[in-house]
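Student: One structure coming up, written as structure tokens, with questions to follow.
A short reminder: the numbers here are calculations on the coordinates, not readings from a lab. What you see is a predicted model, and the numbers here were worked out from it, not measured in a lab. Here Cβ is always computed from backbone atoms with ideal geometry, including for glycine, and neighbour counts include all displayed protein chains.
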Amino acid sequence: MENQTLSRRNFLKTSGMTGAVLSLGFYWPGNAKSAKIVHAAEAKNFGVEMNSWVHIDTSGKVTIFDHRAEMGQGSYQAVPQIVAEELEVNLNEINVVFAPGDNKKYGNQVTGGSSTVRGSYKNLLKLSATAREMLIQAAATKWGVDKAECYAEGGHVIHKPSGKRFHYGELVEAASRLEAPKEVVLKKRSEYKLIGKPLRRLDTPLKTNGSAVFGLDKQIPGMMYAAVERNPRLRGKVKSFDDTKTRQIPGVKHVFKVKMGVFNTYREGVAVVAESTWAAIQGKKALKVEWDDTGFEHLDTEEIYKRQREALQTQEGLAFKKQGEPSEIIAKAAKKIDVTYETPYQYHAAMEPLNCVAHYQDDKLEIWGPIQAPEWVQDYISKEMSIPKEKVIVNMTFLGGGFGRKAFMDYPHEASVISKEIKAPVQVVWTREDDATQGPFRPGITYRCEGVVSNGAIDALKVKMAGQNNDHWRGGKKDTPNRSTSEGFLKPYMDSIKNLAIMDIPFETPIPTMWWRSVYASTNGFAYESFLDELALEAGKDPLEFRRAHLKDERLHKLIDKMEEVSGWRERRKGEGFGTAITECFASTVGHVVKVSKATNGGVKIDQVWVVMDCGWYVNPDTVRAQVEGSVVMGLGAATIHEVKFKDGMAVDSNFSTYQMPRITDIPPIEIHIMENDADAGGVGEPGLPAFAPALTNAIFDLTGKRIRRLPFSLAAV
Amino acid sequence: MAKITLNINKKDYPLEADPQMPLLWAIRDLAGLKGTKYGCGVAQCGACVVHLDGEAVRSCVTKVSRAVGKKVVTIEGLSETNSHPVQKAWQEIDVPQCGYCHSGQIMSAAVLLREKPDPTDQDIDDAMAGNICRCGTYLRIRKAIHLAAEMQKKTSQG
């Protein structure tokens with residue numbers, strides 16, 4: 001196994017491939033949804049380079065490009081596990097290389113939306129099976145036997161009647177001259193040897209001895225280090241600065257004003273370039289900067305939520321979904337529930353703070369970093385710095401966490417601008433304080449939920465949300481509702497709730513916002529699934545039974561059955577502290593059951609969390625479980641600790657001393673079950689998060705009768 | 001700037017450093033050993049834990065001058081072949097996700113196991129509460145430490 005990134009031109013050199021190579025890749029015609037499989041010999045006809053995806057050399061060595069970032073979610077494991085299955089090679093014979101940003105070759109490379117596997121597995125299976133069939137054909141031709149008498153296993157082609165065998169390496173030359181078959185037969189799920197097995201991750205050994213190269217670990221010859229004092233008000237400019245003291249610090253070489261793009265606006269700061277990270281950070285601390293903060297509001301948290309609450313009372317908003325007569329029924333109802341839920345702004349808090357290495361030279365720019373969206377970085381910087389796209393080479397390292405924040409272009413852009421200015425390679429290091437206070441953040445959102453029940457079912461439901469729309473930062477239209485207005489809410493509810501309105505009230509602040517793990521499902525889920533619990537109570541129904549009655553969907557009923565079975569739901573006694581919630585996120589559905597009890601020293605404690613994940617087809621059950629465990633822990637922090645607070649337009653908490661993180665002492669037992677079915681693959685990295693908070697607060701209501709409608713809340717203070 | 005020598009993983013590194021520089025940056029930028037991570041700079045997260053004469057210290061707040069004349073061990077030097085019981089247990093249970101915090105987690109766990117070869121859950125909580133993992137691998141960390149304790153026992157008996 002190697003951990004490396006590479007530029008296209010030195011692929012053969014760095015991959016150490018020998019002799020002839022059987023190379024198969026994808027070709028993405030225009031904006032086509034499905035890829036064509038391309039053979040090296042044909043590649044030039046499509047105007048694409050041959051070295052994509054899967055290569056086998058004469059020694060039998062297999063190299064594959066991982067087109068997605070590895071930020072903990074397991075693409076480094078999942079992609080080879082898929083390839084090895086249909087290619088019929090052993091997993092330990094595969095060498096994984098992170099692919100540089102190039103959407104012509106690798107399709108969509110943005111690691112987001114829990115899409116690494118679900119977005120590419122069908123193509124990967126087909127590509128690998130194609131290579132296998134070509135190798136079998138090559139062997140059959142050499143032996144002069146019928147191809148049907150041959151099969152592949154463990155990197156060999158075997159002639160069944162005679163037992164003769166060829167190593168793949170002996171076949172690549174002949175196979176590379178064959179035409180790729182148009183159709184191949186893929187294995188059935190029951191025939192899998194690797195997929196579906198809890199195989200160990202290929203990147204783990206690199207992460208136990210310090211050899212995995214994260215962005216911050218990247219070093220290139222002649223590299224300088226930079227730290228930047230950025231305007232703390234997120235959108236401001238530099239008026240002037242005094243660098244007298246900075247320049248007295250040994251090792252400091254350059255100090256200058258720098259501007260980086262934040263979506264379609266800019267942020268300014270002062271860059272300090274030095275011979276070591278420490279000198280750069282010291283130099284940054286010694287700066288005296290006067291900021292220009294004119295032209296935008298300096299908001300406090302209280303003011304943001306006051307405005308959201310007011311908007312929810314006075315505005316109807318834009319209709320995302322409207323059917324029947326919800327407003328009329330609610331207005332006339334003798335009894336209705338009308339409540340407001342509030343969710344906070346959140347910080348991504350990846351353990352690896354933002355950083356990026358850039359090397360600008362006259363004719364090109366090369367970037368290395370913990371990057372979730374290499375092709376976006378390539379596009380954005382090419383435009384901003386007027387460098388032809390093919391001369392902007394973006395290399396992905398391992399990511400020390402991403403959670404959405406590293407799918408953004410500001411930090412590579414800033415590093416590139418600094419490298420251009422100093423005419424040398426540079427690594428820009430964000431301090432934890434920079435990382436924690438500069439955003440973009442997950443938007444904090446307030447919801448007004450109104451509902452009426454009759455005959456034990458929902459008669460009318462109206463949900464309005466007021467919160468920032470991430471799309472607005474990217475120039476999205478402001479007269480259409482947020483496309484994620486109902487993200488997280490199970491779609492089958494929309495069939496059974498005849499009178500339904502889901503509304504988005506456009507709401508803006510100068511605070512930059514963007515995706516955070518599970519995106520809007522993380523806030524919507526809390527409002528919808530808490531409110532369903534309130535409606536179930538009003539209807540006098542069991543919370544899971546109430547959901548089952550409204551969800552006319554067999555797959556969801558199986559999920560609910562499983563939730564009941566594993567958690568002992570039906571055997572629980574009233575008021576024992578059980579709560580539940582179910583959300584959908586990136587094509588997977590996840591149900592949580594949480595049990596709480598009174599803590600001996602006051603407040604409540606979480607006794608147990610049960611999670612049932614239905615992600616359809618999946619690669620590695622242990623990776624799925626790991627992602628769900630992590631989602632619960634992140635959900636726990638978001639529900640009970642975390643809130644980015646703003647004062648005078650600035651984020652208040654700047655480090656883990658005040659932005660407290662869940663620690664090993666805070667984690668309840670978590671039991672995870674995965675549904676087995678043949679449905680298409682859904683997401684894995686994010687869907688486990690949204691249902692945790694409402695399941696927890698619903699459990700607290702069951703135990704104490706206290707309804708929690710604002711996150712975060714303190715478990716100790718319940 | 002001063003000329004100093006750091007002994008890291010049994011090797012002497014002659015360096016020129018500001019004596020106030022935290023050991024973390026001397027290890028990373030001057031000695032070029034990148035396994036020890038920067039997470040917070042204020043001793044809150046544990047990503048930077050190294051051993052200084054056998055004790056787990058936060059290298060982000062330890063001045064480099066304090067390490068002169070002492071033995072520094074980083075994740076790269078914990079074992080020669082990635083085979084310390086803690087490393088082996090981490091691999092067996094597939095503890096890391098993004099992996100960034102685990103150099104520090106492993107270095108903290110190694111000291112715990114030396115001090116308490118058979119740690120209880122409470123011992124693990126006490127020793128590991130200073131190490132943050134944003135991916136949320138805590139339950140696996142606990143499990144892996146118990147497994148490492150078993151592996152260590154077998155090695156010492158066998």
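Student: Around A:D622, what is the net charge, scoring Lys/Arg as +1 and Asp/Glu as -1 over all other residues with Cβ under 11 Å from its Cβ?
Tutor: +3
Student: I've got another one for you. Which of the DSSP-defined H helices in chain A satisfy a minimum axial length of 15 Å, computed from C-alpha atoms, and a minimum mean Kyte-Doolittle hydropathy of -0.5?
Tutor: Taking the DSSP H segments of chain A (at least 15 Å long, mean hydropathy at least -0.5), we get A:75-87, A:121-143, A:521-539, A:621-640, A:692-704.
Student: Hey, another quick one. Residue by residue through A:660-669, how many Cβ atoms from other chains fall within 10 Å of the Cβ on average?
Tutor: Per-residue shielding by partner chains comes out at 6.
Student: Considering only the protein assembly as shown, what is the antiparallel percent among its DSSP beta bridges, to the nearest 5?
Tutor: Antiparallel bridges make up about 75 percent of those DSSP assigns within the protein assembly as shown.
Student: Follow-up question, since we're still on this one. Hey, got the average number of other protein chain Cβ atoms within 10 angstrom for residues in A:399-408?
Tutor: What the average comes to for A:399-408 is 3.
Student: Based only on other Cβ atoms within 10 Å, what is the fewest-to-most ordering of B:K154, A:K288, A:K464?
Tutor: Listed from fewest to most nearby Cβ atoms, that is B:K154, A:K288, A:K464.
Student: Using per-residue counts of other Cβ atoms within 10 Å, averaged over each peptide, order A:198-210, A:269-281 from highest down.
Tutor: A:269-281, A:198-210
Student: Rounded to the nearest 500, what is the 222 nm mean residue ellipticity of chain A from helices alone, with -39500 (n - 2.57) per DSSP H run of 4+ residues and division by all residues?
Tutor: That comes out to -8500 deg cm²/dmol.
Student: Now for a separate question. For the protein assembly as shown, take the alpha-carbon Rg, divide it by the Kirkwood Rh, and send me Rg/Rh.
Tutor: Taking Rg over the Kirkwood Rh, I get 0.97.
Student: Let me ask something else. Given +1 on the Cβ of Lys and Arg, -1 on the Cβ of Asp and Glu, and no further charges, what dipole in debye does the stretch B:1-138 carry about its Cα centre, rounded to the nearest 20?
Tutor: Dipole of the stretch B:1-138, to the nearest 20 debye: 520 debye.
Student: Let me ask something additional. For B:K3, go through the aspartates and glutamates and keep the ones whose alpha-carbon is under 19 Å away, minus same-chain ones fewer than eight residues off.
Tutor: A:E275, B:D12, B:E16, B:D18, B:D29
Student: So which of A:K574/A:K598; A:K253/B:K37; A:K259/A:K391 end up more than 19 Å apart by C-alpha?
Tutor: Checking Cα-Cα distances, A:K253/B:K37; A:K259/A:K391 exceed 19 Å.
Student: May I pose another question? Can you compute the helix-only [θ] at 222 nm over chain B? Use -39500 (n - 2.57) per DSSP H run of at least 4 residues, normalise by all residues, nearest 500 deg cm²/dmol.
Tutor: Calculated at 222 nm, the ellipticity per residue is -10500 deg cm²/dmol.
Student: Roughly how big is the protein assembly as shown's charge dipole about its Cα centre, with Cβ charges of +1 (Lys, Arg) and -1 (Asp, Glu), in debye to the nearest 20?
Tutor: Computed charge dipole of the protein assembly as shown: roughly 540 debye.
Student: A further question on this structure: Taking the highest mean first, how do the peptides A:437-446, B:5-14, A:390-399 order by number of other beta carbon atoms within 10 angstrom per residue?
Tutor: A:437-446, A:390-399, B:5-14
Student: Related question: Express the C-alpha Rg of the stretch B:85-157 as a ratio against the empirical globular expectation 2.2 N^0.38 Å, rounded to two decimals.
Tutor: Rounded to two decimals, the normalised Rg is 0.99.
Student: Angle between the Cα long axis of helix B:102-115 and the longest principal axis of chain B, 0 to 90 degrees, nearest 10?
Tutor: That works out to roughly 70 degrees.
Student: Over the whole of A:645-657, what's the average partner chain Cβ count within 10 Å per residue? Rounded to a whole number, please.
Tutor: Across the residues of A:645-657, the mean count of other-chain Cβ atoms within 10 Å is 2.
Student: Something else about it: Could you work out the relative contact order of chain A, using alpha carbon pairs under 8 angstrom and six or more residues apart, expressed as a whole percent?
Tutor: 14 percent
Student: Step through the table entries A:K142/A:K182; A:K207/A:K420; A:K562/A:K595; A:K322/A:K477; A:K321/A:K562, compare each Cα-Cα distance with 24 Å, and write down the pairs that go over it.
Tutor: A:K207/A:K420; A:K321/A:K562
Student: What pairs from A:K645/B:K143; A:K239/B:K63; A:K462/A:K541 go past 25 Å between their alpha carbons?
Tutor: In this structure, A:K645/B:K143; A:K239/B:K63 lie more than 25 Å apart at Cα.
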